[in-house]
Amino acid sequence: MKYAVTKGLAADNGLFMPECIEKFEPSFFENIDKLSFQEISFEVAKKFFGEDVEESKLKEIVFETLSFDCPVVKVQKNIYSLELFHGPTLAFKDVGARFMARLLNYFNDKTDKTVNVLVATSGDTGSAVANGFLGVPGIHVYVLYPKGKVSNIQESQFTTLGQNITAIEIDGTFDDCQRLVKAAFLDKELNERLTLTSANSINVARFLPQAFYYFNAYARNVEKGKELVVAVPSGNFGNLTAGLFALEMGLPIKQFIAANNNNDIVYSYLNTGKYEPRASVQTIANAMDVGDPSNFVRILDLYDYSHEIIKSKIKGYRYSDEQISETMKRVYDECGYLLDPHGACGYEALEEYLGENQVGIFLETAHPAKFTETVESVIGKGNVPLPEKLAEFMKGEKLSIAMSKEFEEFKSYLMTI
Ligand SMILES: *Cc1c(COP(=O)(O)O)cnc(C)c1O
């Protein structure tokens, strides 16, 4: 596990997977509602990382990571929101990023080499990783992001920090950023010179902790007699993969739903059995604008590449920008609940899917204020108050290095650091 965390990507360019998934006893779930979010997460963490990290240290890492809550909030009769935006950068990626920073620091404690973390972002990953690692000794983070394709608020969250965080603005798309990061890991010369690791959801230390809040969602669900359906707004599919791990550990979830925007590669796969990656298209749910979701192979691997099994475990839904806007407006008008464009996809999928005697929880993956321009254009100006945490970021000065999408340019830069 230590190797998988510090390397990020395996030598053959493949992704690491845990060798086996340990199940909980059914009795664990009978009493789970008596445990706090942190206590539940510690039990889950022991199953993943217990062999590699001493128990007291692991507990400290989990409790420090989860210094904020992920509550389940009622939106309307049988639909609830799992609010994952109460962390420092107001998006679910804080959980994985904070955990990974602490774990990497623990593993790296004994060497004096700087670990260089490379991360490609379509918006929220960069801010969560940058803030999760800010000031951690022995680690330097390079955030690659597509020029003009992230919101001002998102950009401010990783370009204004300084210290051990460097932002690189790529003249290209998110997929270009991801390609550059992957190419760097495969480049022999770079790897001889530098210790490189990935903080994208391809890193196990980032995506596995995301299982924590599915257990918490189950524990906090108040409609216990009903079947639980969970909808996950998906881009790179790290979040959903973590949910499937939770499922395989025994968590009683009846059905998972993958909600996509117009980047519907997995949606098409579920319908046809063919996985055909293509260039991403820009949507108002921009953190899900992914044309070749990097965690999808983990799902294939988990279920032995069986289309039959995968389409029974995951139901797919897809929404256009118009549908996303319509949902945000309707839910705001009818329920007074402010969705962000990503959560709106999950909400809408539950409305379509839920049947008799079922209760749905969708992952509200970011605070709506992270997408103020989009959300206000739908529900009216001045209706999305800017949280204090975000306002603070906006005050900083933007510092970033501009680069083309050519690997050679990125490489020569890395050779000089
Ligand atoms: C990253 C992100 C997603 C997509 O999550 P994946 O794990 O990449 O599928 C959805 N919504 C928001 C707000 C995000 O930041």
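Below, the figures for the structure above:
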quantity: Lone unmet requirement of (1) more than 14 Å from the ligand (Cβ to nearest atom); (2) surrounded by 24 or more Cβ atoms within 10 Å (Cβ to Cβ) for Thr125; calculated: (1)
quantity: Positions within region 236-256 being out of contact with any Phe, Trp or Tyr (no Cβ under 8 Å at 6 or more places or on another chain) and open to solvent by less than 10 Å² (accessible area, probe 1.4 Å), in sequence order; calculated: Phe245, Phe256
quantity: Count of residues meeting criterion [in a loop (DSSP other than H, G, I, E, B) and either among the small types (Gly, Ala, Ser) or surrounded by 24 or more Cβ atoms within 10 Å (Cβ to Cβ) (or both)] in region 128-156; calculated: 5
quantity: Residue, surrounded by the fewest Cβ atoms within 10 Å (Cβ to Cβ), within region 102-122, restricted to residues that are touching a Phe, Trp or Tyr at 6+ places or on another chain (Cβ under 9 Å) and under 21 Å from Val62 (Cβ atoms); calculated: Asn105
quantity: Inter-residue pairs, beta-carbon under 6 Å, first of a type in the set (Val, Ile, Thr) and in region 267-293, second open to solvent by 20 Å² or more (accessible area, probe 1.4 Å) and in a loop (DSSP other than H, G, I, E, B), 6+ apart; calculated: Val281/Asn262; Thr283/Asn262; Val290/Asn236; Val290/Ser280
quantity: Test: Glu408 is at pLDDT below 95 and under 25 Å from Thr159 (Cβ atoms); calculated: no
quantity: Selection from region 298-320 of residues that are among the charged types (D, E, K, R) and either open to solvent by 40 Å² or more (accessible area, probe 1.4 Å) or part of a strand (DSSP E or B) (or both); calculated: Asp301, Asp304, Glu308, Lys311, Lys313, Lys315, Arg318
quantity: Residue match in region 238-245 (condition: part of a loop (DSSP other than H, G, I, E, B), under 26 Å from Val150 (Cα atoms) and either within 15 Å of the ligand (Cβ to nearest atom) or of a type in the set (A, V, I, L, M) (or both)); calculated: no
quantity: When residues of region 378-393 are limited to those that are farther than 28 Å from Asp175 by Cβ and part of a helix (DSSP H, G or I), the one most open to solvent (accessible area, probe 1.4 Å); calculated: Glu388
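The values are calculated or read from the model by the stated rules, or taken from the named source; none is laboratory data. Here the structure is a predicted model, which is why all the values come from computation and not from measurement. Note: ideal-geometry Cβ built from the backbone for every residue, glycine included; neighbour counts use all protein chains shown. Surface areas here come from the heavy atoms of the whole protein model, side chains and all, with no ligands, DNA or RNA. Shrake-Rupley method; radii C 1.70, N 1.55, O 1.52, S 1.80 Å.
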